Amino acid sequence: MTDWQPGGVLRFRDKVVPDHRPLVMGIVNRTPDSFYDRGATFAVEAALDRVRQAVAEGADIVDIGGVKAGPGAEVGVAEEIRRTVGLVGAVRAQFPSLIISVDTWRAEVAREVLAAGADLVNDAWAGHDPDLAAVTATFDAALVCTHSGGLAPRTGPFRVEYVDVVADVRTHVTQLAERALAAGVAAESVIIDPAHDFGKNTWHSLTVTRRLDELVATGWPVLVSVSNKDFVGETLGLPVDQRQVGTQAATAVCAFLGARIHRVHDVAAARQTVDLVASVRGERPPVRAVRGLV
Amino acid sequence: MSPAPPFVEATSTWVLVPGTPILLPDVAGASDPAAELRSVCVEELRNPLTAWTARPQGGTVGPGEVTVLAAGSVPRTWSGDAPYDVSRLLGGSRPAGPSIPLALAVGRHLVRAAGWSGPLALQTVAGPTEPGPAGLVVAVGDGSRYRSAEGGPGAQDPRSVAFDEQVRRVLADGDVAGLRALDVELATALGVTGRVPWRLLADAAGGGPVEPHLGFAGDPFGPYALVATWWWR
């Protein structure tokens with residue numbers, strides 16, 4: 001790795017986050033069929049409203065996605081571009097200093113959304129497209145390097161086994177990070193993500209959560225995406241619309257163990273969770289500490 | 001209901017069971033959703049295993065040995081007590097130890113749960129050209145894994161239902177030629193883990209006839225699960 005300092009500066013093109021402050025990334029799905037919101041923000045005005053809401057609730061980043069992560073109807077490159085580029089442009093125009101992330105594994109889509117003003121490519125599929133890192137580097141943008149358990153995009157785990165799931169995650173995401181550096185992505189713009197539930201069963205995702213400190217110890221900033229996921233639901237025996245509290249619990253554990261970016265549906269709740277945990281870690285002063293001090 | 005005797009007269013008995021990992025104890029968590037499927041498998045195995053215990057010793061098969069068989073990338077055998085480290089599925093704080101293939105671990109667990117405490121042979125098979133084992137064989141394999149639109153490992157494949165129904169019918173009818181004739185390419189595309197074991201069964205059964213018993217056919221957890229027995233003299 002370079003002489004860049006871990007846990008320090010994170011840069012998303014011209015937007016720099018100078019300190020240890022954990023970031024909340026609000027999910028904005030421009031899809032008709034994503035698992036949680038099921039098309040609620042498919043229309044562009046609804047998607048823009050969602051962005052405004054996320055920003056008002058304290059999101060540092062919005063993550064715009066045009067394709068459902070799970071198996072389902074095929075979405076081609078042209079359609080994915082249609083769903084994302086216009087929205088990225090509209091968000092950039094209305095929020096000049098907001099960090100815009102686009103959830104795509106395709107280099108062709110990344111090229112268009114970066115040209116439209118995006119700052120971060122959130123590749124959920126472990127560098128499946130070998131050109132993605134280079135395209136990201138061309139725009140001096142940031143990149144998420146994600147563990148997928150070897151799966152092809154939009155497939156799920158089938159009886160997946162690991163000798164050591166955390167070691168497997170660590171090996172693969174650091175390889176992807178090194179590959180990103182070699183392709184020209186700046187060191188302060190590389191992020192790693194263990195990708196809860198991607199190529200992992202519930203037990204694997206719980207293990208990754210419990211041992212997240214081992215991924216933080218690599219020195220790369222860690223992004224986690226636990227919001228309303230099946231591992232939360234299976235752990236508690238709850239359907240997808242009843243996982244809010246479990247999501248905050250998982251978020252708190254990840255935050256305490258050092259996660260840097262939290263990708264969530266409920267920005268307001270995550271902001272409180274992440275801020276409280278940052279104060280528990282001694283990295284954030286309380287807003288107002290007066291009781292017992294007067 | 002366990003298939004009817006008299007298995008003692010059988011030259012060969014093959015019991016087909018699913019490879020669903022939640023058939024292993026504790027893997028599915030506190031609620032044990034596979035309890036009923038496990039019970040069906042154990043019931044299917046009980047009479048054949050009991051009859052196998054009662055067989056006269058000797059002959060061409062190892063003394064009282066039961067073979068658990070599943071598809072694998074290479075043909076290989078393991079000793080019957082070779083370990084399976086379940087932390088490969090459950091995670092843990094240290095790396096998992098050496099392990100047999102998961103499908104064999106599932107098959108072995110069902111055989112032991114059905115009361116067999118005798119010797120076991122474990123083997124993976126890679127293709128239909130290998131000679132299958134003789135005697136009592138427990139073959140682990142499933143039908144299509146792309147039956148459903150939600151929650152599966154891949155996009156729904158509309159060919160799944162018809163293919164699985166064809167498998168169900170040939171197993172229920174003891175249709176040896178039908179089992180041998182299953183479309184290999186389609187079975188591969190549909191992620192059918194039973195493809196090679198069932199082909200070996202068809203080859204072992206030769207020209208037939210076989211006595212069939214279908215204990216279960218369905219998709220309680222997604223992939224098509226079959227529990228069945230074929231035996232012949």
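The values are calculated or read from the model by the stated rules, or taken from the named source; none is laboratory data. This one's a predicted model, so the numbers in the text were calculated from it and none came from an experiment. Please note: Cβ atoms are built from the backbone with ideal geometry, for glycine as well, and neighbour counts cover all protein chains shown.
Counting just the residues of segment B:90-102 that are closer than 16 Å to B:D26 by Cα and among the aliphatic types (A, V, I, L, M), which one comes out nearest to the other protein chains (Cβ to nearest Cβ)?
So the residue we want is B:L90.
Scan segment A:70-97 for residues that are surrounded by 15 or more Cβ atoms within 10 Å (Cβ to Cβ) and of a type in the set (D, E) and jot them down.
If the condition is that a residue be surrounded by 15 or more Cβ atoms within 10 Å (Cβ to Cβ) and of a type in the set (D, E), then A:E80 is the only one that fits.
Just one of A:D197, A:D103 is among the acidic types (D, E), under 21 Å from A:N228 (Cβ atoms) and touching a Pro at 6+ places or on another chain (Cβ under 9 Å); which is it?
When all the criteria are applied, what remains is A:D197.
For segment A:170-188, does any single residue satisfy the condition of being within 14 Å of chain B (Cβ to nearest Cβ), at pLDDT 95 or above, surrounded by fewer than 22 Cβ atoms within 10 Å (Cβ to Cβ) and more than 18 Å from the chain's Cα centre (by Cα)?
There is at least one residue in segment A:170-188 that is within 14 Å of chain B (Cβ to nearest Cβ), at pLDDT 95 or above, surrounded by fewer than 22 Cβ atoms within 10 Å (Cβ to Cβ) and more than 18 Å from the chain's Cα centre (by Cα).
Can you report the number of residues in segment A:267-276 which are surrounded by 22 or more Cβ atoms within 10 Å (Cβ to Cβ) and either under 19 Å from A:D230 (Cβ atoms) or not polar (S, T, N, Q) (or both)?
Of the residues in segment A:267-276, 3 are surrounded by 22 or more Cβ atoms within 10 Å (Cβ to Cβ) and either under 19 Å from A:D230 (Cβ atoms) or not polar (S, T, N, Q) (or both).
For segment B:62-79, how many residues are more than 14 Å from chain A (Cβ to nearest Cβ), hydrophobic (A, V, I, L, M, F, W, C) and surrounded by 15 or more Cβ atoms within 10 Å (Cβ to Cβ)?
Final tally of qualifying residues: 4.
Within segment A:125-138, identify whether any single residue is at pLDDT below 95, farther than 26 Å from B:E150 by Cβ and touching a strand residue (DSSP E or B) at 6+ places or on another chain (Cβ under 8 Å), and answer yes or no.
Looking for residues that are at pLDDT below 95, farther than 26 Å from B:E150 by Cβ and touching a strand residue (DSSP E or B) at 6+ places or on another chain (Cβ under 8 Å), one finds at least one in segment A:125-138, hence yes.
Does A:V267 satisfy the criteria of being among the β-branched types (V, I, T) and out of contact with any strand residue (DSSP E or B) (no Cβ under 6 Å at 6 or more places or on another chain)?
It is false that A:V267 is among the β-branched types (V, I, T) and out of contact with any strand residue (DSSP E or B) (no Cβ under 6 Å at 6 or more places or on another chain).
Is it the case, given these coordinates, that B:R88 is modelled with pLDDT of 95 or more, under 18 Å from the mean Cα position of the chain (by Cα) and assigned to a helix (DSSP H, G or I)?
So B:R88 does not fit the description; no.
Scan segment A:8-47 residue by residue and report those that are basic (K, R) and closer than 20 Å to A:G58 by Cβ.
Passing the criteria: A:K15, A:R21.
Across segment A:224-245, what is the total count of residues that are more than 18 Å from the chain's Cα centre (by Cα) and either buried (at least 22 other Cβ atoms within 10 Å of the Cβ) or not hydroxyl-bearing (S, T, Y) (or both)?
11
Just checking, how many residues over segment A:144-161 are more than 7 Å from every other protein chain (Cβ to nearest Cβ), part of a loop (DSSP other than H, G, I, E, B) and among the hydrophobic types (A, V, I, L, M, F, W, C)?
Residues in segment A:144-161 being more than 7 Å from every other protein chain (Cβ to nearest Cβ), part of a loop (DSSP other than H, G, I, E, B) and among the hydrophobic types (A, V, I, L, M, F, W, C): 3 in total.
Based on this model, can you work out whether B:D142 counts as within 15 Å of the chain's Cα centre (by Cα) and of a type in the set (D, E)?
Spelling it out, B:D142 is indeed within 15 Å of the chain's Cα centre (by Cα) and of a type in the set (D, E).
Within segment B:164-184, how many residues turn out to be farther than 14 Å from B:L214 by Cα and acidic (D, E)?
Total meeting the criteria: 1.
Looking only at residues in segment A:145-169 that are at pLDDT below 95 and at positive phi, which one is surrounded by the fewest Cβ atoms within 10 Å (Cβ to Cβ)?
Per the criteria, the residue is A:G150.
Run down B:A162, B:A181, B:A172, B:A134 and say which single residue is more than 14 Å from every other protein chain (Cβ to nearest Cβ), surrounded by fewer than 16 Cβ atoms within 10 Å (Cβ to Cβ) and at pLDDT below 95.
B:A134 is the lone residue from the list that is more than 14 Å from every other protein chain (Cβ to nearest Cβ), surrounded by fewer than 16 Cβ atoms within 10 Å (Cβ to Cβ) and at pLDDT below 95.
Among the residues of segment B:80-89, is any within 12 Å of chain A (Cβ to nearest Cβ) and surrounded by fewer than 19 Cβ atoms within 10 Å (Cβ to Cβ)?
Yes, the conditions are met somewhere in segment B:80-89.
Among residues belonging to segment A:216-242 that are hydrophobic (A, V, I, L, M, F, W, C) and within 14 Å of chain B (Cβ to nearest Cβ), point out the one that is farthest from B:G92 (Cα to Cα).
Ranking the candidates gives A:V240 first.
Identify, by number, the condition in (1) over 19 Å from A:A167 (Cβ atoms); (2) among the hydroxyl-bearing types (S, T, Y); (3) at pLDDT 95 or above that B:T60 doesn't meet.
Unmet condition: (3).
Condition check ((1) modelled with pLDDT under 95; (2) assigned to a helix (DSSP H, G or I); (3) touching a helix residue (DSSP H, G or I) at 6+ places or on another chain (Cβ under 9 Å)) across all residues:
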{"site": "A:H20", "(1), (2), (3)": "yes, no, yes"}
{"site": "A:T41", "(1), (2), (3)": "yes, no, yes"}
{"site": "A:V55", "(1), (2), (3)": "no, yes, yes"}
{"site": "A:V62", "(1), (2), (3)": "no, no, yes"}
{"site": "A:K68", "(1), (2), (3)": "yes, no, no"}
{"site": "A:E74", "(1), (2), (3)": "yes, no, no"}
{"site": "A:V88", "(1), (2), (3)": "no, yes, yes"}
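Just checking, does segment B:100-116 include any residue being touching a Lys or Arg at 6+ places or on another chain (Cβ under 6 Å), under 22 Å from B:D85 (Cα atoms) and part of a loop (DSSP other than H, G, I, E, B)?
Checked against the condition, which is being touching a Lys or Arg at 6+ places or on another chain (Cβ under 6 Å), under 22 Å from B:D85 (Cα atoms) and part of a loop (DSSP other than H, G, I, E, B), segment B:100-116 yields at least one hit.
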